[in-house]
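Read through the structure below, which is laid out as structure tokens, and then see the notes.
The values are calculated or read from the model by the stated rules, or taken from the named source; none is laboratory data. Note that this is a predicted model, so its numbers are computed, not measured. All Cβ positions, even for glycine, are placed from backbone atoms using ideal geometry, and neighbour counts span all protein chains on display.
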Amino acid sequence: MNVDQLTKLLEDVKNHTCDVDAALQLLKTLPYEDLSYAKVDHHRELRNGYPEVIYSPGKSLNQIKGIVENMLARSQGNILASRAERDVYDAIKSVTPDAIYYEEARSVVVKRVEFKTTENYILVITAGTADIPVAEEAAITATVMGNQVKRLYDVGVAGIHRLLGNVPIINEAKVIIVVAGMEGALASVVGGLTDKPIVAVPTSVGYGASFGGISALLGMLTSCASGIGVVNIDNGFGAACMASKINKL
């Protein structure tokens, strides 16, 4: 249940178009509903501005279907499942025809209403093409959360002229997500070019000494450029959540 739905329900009770017992039936699953294997947080959109997101790994297909069915019955909004493989999409599609699979982002969106958007935009930048899956997770998540998103891919420090040729789109963004593997230097370079806040995402892309993204993570954390926040390795979702909150301030 979101703010608009709750407001309408309260107005209906006030105007006597909905009786108290009926309203109680609609409210009784707030703040959460216990499915035994999951406690679905129907109160989250009221608190945080966006409903609970389904993290797919570790859940069975039947559990994911059960969560989606419960959310469909309790809300009229969109639903997002992250880190979803094709079988997860197929399972959700069997529950609702509104499921859309963004394969590169490994995200399933149950699109029931049009995405809202913002006048300001979030810019998602990658160092290399291999970083795009993590960047797409961030871009799709930010879009579903109601943000305008622009992309600038494959502009890493190995060919810095590719980045420098796009300074205007960087400086016109409200907030920037920088996605990079290897040594993670791109976040520092972008941080030195703009006064916009940067959410840096280290990826696990790289050869042996990159240690599965730890080198990029440490490089971003020890950046000499100011105004950079860092999320976990490959965490495009977390970067999008932070960027969305900044973009909507």
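Pairs linking a residue in region 35-48 that is hydrophobic (A, V, I, L, M, F, W, C) to a residue that is surrounded by fewer than 17 Cβ atoms within 10 Å (Cβ to Cβ) and at pLDDT 75 or above, with Cβ atoms under 6 Å and 6 or more positions apart or on different chains, are Val40/Asn70. Scanning region 108-166 for residues that are of a type in the set (A, V, I, L, M) and farther than 20 Å from Ala200 by Cβ gives Val108, Val109, Val110, Val113, Val144. All but one of (1) in contact with a helix residue (DSSP H, G or I) (Cβ under 6 Å, 6 or more places away or on another chain); (2) assigned to a loop (DSSP other than H, G, I, E, B); (3) closer than 26 Å to Ala239 by Cβ hold for Ala84; which doesn't? That leaves (1) as the condition not met.
Summed over region 107-132, the residues that are of a type outside the set (A, V, I, L, M) and either closer than 20 Å to Gly66 by Cβ or free of Cβ contacts under 8 Å to residues at least 40 places away in the same chain (or both) give a count of 9.
Out of the residues in region 73-94 that are of a type in the set (A, V, I, L, M) and buried (at least 16 other Cβ atoms within 10 Å of the Cβ), state the one that is farthest from the chain's Cα centre (by Cα). Outline the logic, then answer.
Within region 73-94, the subset of a type in the set (A, V, I, L, M) is 73, 79-81, 84, 88, 91-92.
Filter once more, keeping what is buried (at least 16 other Cβ atoms within 10 Å of the Cβ): 79-81, 84, 88, 91-92.
Working: Ile79: 11, Leu80: 9, Ala81: 10, Ala84: 13, Val88: 18, Ala91: 21, Ile92: 19 Å.
My answer is Ala91.
Okay, residues lined up against (1) at pLDDT 95 or above; (2) within 21 Å of Leu218 (Cα to Cα); (3) not in a loop (DSSP other than H, G, I, E, B):
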position	(1), (2), (3)
Ala142	yes, no, yes
Gly146	no, no, no
Lys150	yes, no, yes
Gly159	no, no, yes
Arg162	no, no, yes
Ala173	yes, no, no
Ile176	yes, yes, yes
Val179	yes, yes, yes
Val199	yes, yes, yes
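Of Ser60, Ser56, which residue is farther than 18 Å from Phe115 by Cα, without any contact (Cβ under 8 Å) to a residue 60 or more places away in the chain and surrounded by fewer than 15 Cβ atoms within 10 Å (Cβ to Cβ)? Please lay out each step first, then the result.
Details: Ser56 fails: surrounded by fewer than 15 Cβ atoms within 10 Å (Cβ to Cβ).
Matching residue, one of Ser60, Ser56: Ser60.
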